[in-house]
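To keep things clear, I will list the structure first and then write my remarks on it.
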Amino acid sequence: MYDFAYHRPSSVADAVKLLASDPDAKVMSGGMTLIPTLKQRLAKPSAIVDLSGIKDLVGISVSGSAVTIKAMTTHAAVAASAEVKKAIPALAAMAEHIGDAQVRNRGTIGGSIANHDPAADYPGAVLALGATVHTNKRKIAADDFFTGMFSTALAPDEIVTAVEFPIPEKAAYVKFPNPASRYAMVGVFVAKGPAGVRVAVTGAGANGVFRHTAMEEALAKNWSPDALHDVGTAEEGLNGDIHASKEYRAHLVGVMAKRAVAKAG
Amino acid sequence: MGFEGIGAAVRRREDLRFISGRGNYTDDINRPGQLHAVIIRSPHAHARIKGIDAAAAKAAPGVVAVFVGEDMAADNLGGLPCGWQVKNKDGSPMAEPPHPVLAVGKVRHVGDPVAVVIAESKGAARDAAELVSVDYEVLPAAPTLEAAQKPGAPLVHDGVAGNICYDWHLGDKDAVDAAFAKAHKVGRLELVNNRLIPNAMEPRAAVGEFDPASGDYTLYTTSQNPHVIRLLMGAFVLHIPEHKLRVVAPDVGGGFGSKIYHYAEEAIVTWAAGKVKRPVKWTAERTESFMSDAHGRDHITVAEMAMDKDGKFLALRVHTQANMGAYLSTFAPCVPTYLYATLLAGVYTTPAIYAEVKAVFTNSVPVDAYRGAGRPEASFLLERLVDICALEMGLDRVEIRRRNFIPASAFPYQTPVALQYDSGDYNATLEACLKAADWAGFEARRAEAKKRGKLRGIGISTYIEACGIAPSAVVGSLGARAGLYEVANIRVNPTGSITVFTGTHSHGQGHETTFAQLIADQFGVPMSQVEIVHGDTAKIPFGMGTYGSRSIAVGGSAMVKAAEKIIAKGKRIAAHLLEASADDIEFKDGKFQVAGTDRAKALAEVSLAAYVPHNYPIEELEPGLEETAFYDPKNFTYPGGCHICEVEIDPDTGVVQVVNFCAVDDVGRVINPMIVEGQIQGGVAQGIGQALLETCVYDENGQLLSGSMMDYTMPRADDLPNIKVGTAITLCTHNPLGVKGCGEVGAIGSPPAVIGAVVDALKDYGVRHLDMPATPHKLWQIINANRPRMAAE
Ligand SMILES: Cc1cc2nc3c(=O)[nH]c(=O)nc-3n(C[C@H](O)[C@H](O)[C@H](O)COP(=O)(O)OP(=O)(O)OC[C@H]3O[C@@H](n4cnc5c(N)ncnc54)[C@H](O)[C@@H]3O)c2cc1C
């Protein structure tokens, strides 16, 4: 690692102040992505603003129609939450299969979506469930949040504070893990909810998570795996690497989607 | 104390230390005044070094020194030596280009060490390393076997034409040609043995130290064989005589072969410690391990088997290309020759065999022995070919094996490829494994799986290997530049406790338990009275270390020989104390007893008399009770057995699940069945890893695409089934314990069984063979390509 200053503010306001005063400062949540990046000297922030001292940023709450998960809530906490399991079981199940136990105990929802790794799981849930991302400045609709691989609508001094998920009628996530990294090589999150049918694909797209509109249309007409039988996935814009060609990924999107619909019931 | 002797499943006494974080690994060693080394490595597969500017790095805070290849050359240091010389078909020696410790003039693979920065802290060394600017002229690279053999391919070493290290052969070509001419049918197979990256849990590390007062050097290193490193580094690289160099290999967290070799970093830290007069430490990061630990396997082979009308094998013809990487690692040349082609008879009576092996330099990390070393390549080739032969003949896979087995009555059995097998019973391991795996009931399971939409297949391998390495004169005649005996020194202490100094090295195998059991058994004392010491040239006699499943067969035999000497001397001491004739003394249950009487002296009484020789036959016997034995094996040992694997494939995704795995192995006498089971399970896990998951990928420029755990698929617990392990043994006939070895059989026997199962599951898709690893992507492509045909049927 290169040297950096370390701050551990106790409020969002203080954190934002630190970020605003130093354009080269970086936020840290669980550090599961950031710290390896620092250790490999791929990033050289002047300062780290560690959010772990902000008690306000942890917790899960459920209203009648939405589950709100604060940014610093860990994957393990989401996976274990009785409330999440009841309201959106697909979300808890998804969190339970991120990385390994150590990663789930440190990694956070805020860090995951802010990072927008194209192979991460959470972006699929956020987009398919039509969630709203809360920041210190504003509320951002999922459709506007993810802007490309490792990029989001967040401004440099903007901090994710919570994610609000409308409770769907049905939802499920099925992931084909990359054999080596176990991140999503293809992950498909399907949901039928207040905003209609939404299908989000993660892991496959070269620009990160995306909605599969053809599948959404087919499922809106007929919510069943069979409805996806003839719905193809264009290879263009997909990732190809030593683990999976674009063609194979396109195929897996179909298989995972069908399985997700079947799982959602 | 329960039964602790030979055959007892005693728990591993070293494990408490390991699992509670109290191991003492090389990186745990910190010496006073220690500095830290960071190695600057080539980012290019092939480039000319036009210049290195280290001025800024040398001036950076905390930096003590920066050294480059020329600095080592100026000290007249040698290059890294190769321990085995293979000869070409015409008798000329292999090409053996120089292997500088730090690159001089050219870099030849991504990760090739170019310079070293030594600083007060690792951070300071890293910061300074970024300031070293190396001016490279990038050259076209030949990272793979194919690329290096194309006409006009870039030359890895300017003096080595066609990148050919050697073109070697073994066997009787004329006899093979004649047999093919009259063959009823021929089974033919082209295959690739995929390149693997070892990935021991503990990365390599080294600490060099120089004592200006005595002029002594010490190297702490992650090695499987500290004496070998002392000899190679001292005699060939740094010119430090043995008595001024101590090499310590403390706890080592896995080796699998990759920690046999003498690596550049060991020489760098030792030499640099002398230069800067302070200890210097280097520990690999995982990324460095991927690009600097010797890789394994990497063959391309064409093989043909001639058969008569009954499917009896008449002759085998094999042509193999083997990737050596950019330089010859310590034992690289012997792996695809004497550890490979000599195994091509397998468990079969094939009377004529001819193998040609071409070893090729490429712009890739050096390739050397990796768990099994040559024998997994041989067994994969042969067992896959036997399956092809079964298809060709329309015979059952088990039946064709039975027809060709060397019968149990035929031992000792001389193969046409040099080796003489001493013992074995291939039908016994086959039958036991068929039963354990319920081979007969498979078709019902296949049908049941089909109902669930799964393609189920079963595969079998009946393999043999040669280990217990090795008779010195034999390997010497084949090009080894070392002897391969082993040594043990047994010291019975005055109060009767026993310290054993062994030349073998334990890096996960549990020797501290197995050997203690063996000694407890020999002397009739509790294990708690026995200490096993290994891994320090200042303590142990000159032994050759651990690899090639040699520790019990060669090292254990040396212990037995040393124990025999102790007991013989003890009898003479006891005879004196008991006023009897030495011929009348029996040693049993820890006591020297006058035969037929109850007059006896315990081992501790005898040892006390030996060290306090007041009443002692001092005229005829030296005091003390300590003996050393060197044991040179008379032959290799030949474990073998049968592995059966069952898989299910999801045709929608290509995902393979291993649903059943049974191994029944003949490892000779079993000292500790629990440790043997663990060794076999670990080996099978690596075999399944090779068959389904692992592969090293270079792009056309020689960049390592599978250079981290994000892209190199190591097997994990949930990739593996419960591996059922059984043994059906015959004793080795030429060593005192009847032991054969169990460290590598799992990795040798399993890959063909796994691939056989995958092929069987896909037989309706027209698949006869597929190369490892059988990844979901690869299988889906096969399934997808055949879907229309399947639908039409
Ligand atoms: C071994 C391993 C396996 C993994 N496997 C998976 C997997 O299978 N699936 C998966 O989805 N993920 C996986 N991950 C990723 C992990 O789950 C985390 O989600 C991820 O590392 C980011 O979360 P974090 O809290 O650690 O963020 P950090 O590493 O702290 O931060 C990541 C990035 O987001 C920024 N950031 C963090 N928090 C905020 C915030 N509140 N507002 C704005 N910006 C912020 C940081 O500045 C940084 O750029 C894995 C990670 C590891 C190390």
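The values are calculated or read from the model by the stated rules, or taken from the named source; none is laboratory data. Computed from a predicted structure; not experimentally measured. Cβ placement follows ideal geometry from the backbone for every residue including glycine, while neighbour counts extend to all protein chains displayed.
Here are some notes:
- The residues on offer are A:Gly110, A:Gly124, and the sole one that is surrounded by 24 or more Cβ atoms within 10 Å (Cβ to Cβ), in contact with a Leu (Cβ under 8 Å, 6 or more places away or on another chain) and touching a residue at least 60 places away in the same chain (Cβ under 8 Å) is A:Gly110.
- So A:Thr33, is it surrounded by 18 or more Cβ atoms within 10 Å (Cβ to Cβ) and not acidic (Asp, Glu): yes
- Inspection of the range A:164-183 identifies at least one residue that is of a type in the set (Val, Ile, Thr), within 14 Å of chain B (Cβ to nearest Cβ) and under 16 Å from A:Ala260 (Cβ atoms).
- Verdict on B:Pro250 being touching a Gly at 6+ places or on another chain (Cβ under 8 Å) and surrounded by fewer than 24 Cβ atoms within 10 Å (Cβ to Cβ): yes
- Residue in the range B:650-660 that is farther than 30 Å from A:Val255 by Cβ and part of a loop (DSSP other than H, G, I, E, B) present: no
- Search result, residues across the range A:173-202 that are surrounded by fewer than 23 Cβ atoms within 10 Å (Cβ to Cβ), of a type in the set (Gly, Ala, Ser) and either more than 8 Å from the ligand (Cβ to nearest atom) or assigned to a strand (DSSP E or B) (or both): A:Ala180, A:Gly193, A:Ala195, A:Gly196
- All of B:Ser461, B:Ser409 fail the test of being polar (S, T, N, Q), within 27 Å of B:Val767 (Cα to Cα) and modelled with pLDDT of 95 or more, apart from B:Ser461.
- Positions within the range B:145-159 being in contact (Cβ under 8 Å) with a residue 60 or more places away in the chain, closer than 16 Å to B:Val365 by Cα and assigned to a loop (DSSP other than H, G, I, E, B), in sequence order: B:Val156, B:His157
- No other residue among B:Thr653, B:Thr727, B:Thr733 is surrounded by fewer than 23 Cβ atoms within 10 Å (Cβ to Cβ), touching a helix residue (DSSP H, G or I) at 6+ places or on another chain (Cβ under 9 Å), in contact (Cβ under 8 Å) with a residue 60 or more places away in the chain and farther than 23 Å from B:Leu382 by Cα apart from B:Thr653.
- Per-region count, the range B:434-462, residues buried (at least 17 other Cβ atoms within 10 Å of the Cβ) and assigned to a helix (DSSP H, G or I): 6
- Scanning the range B:710-741 for residues that are within 14 Å of chain A (Cβ to nearest Cβ), part of a loop (DSSP other than H, G, I, E, B) and touching a Pro at 6+ places or on another chain (Cβ under 9 Å) yields a single hit, B:Thr713.
- Those strands (runs of 3 or more DSSP E) lying entirely in the range A:1-95 with at least 2 residues away from chain B (no Cβ under 14 Å), of a type in the set (Val, Ile, Thr) and near the ligand (Cβ under 9 Å from one of its atoms): A:47-50
- Test set (1) assigned to a helix (DSSP H, G or I); (2) under 20 Å from the mean Cα position of the chain (by Cα) - B:His507 fails condition number: (1)
- Selection count where residues are assigned to a loop (DSSP other than H, G, I, E, B), touching a residue at least 12 places away in the same chain (Cβ under 8 Å) and more than 7 Å from every other protein chain (Cβ to nearest Cβ), scope the range A:236-260: 2
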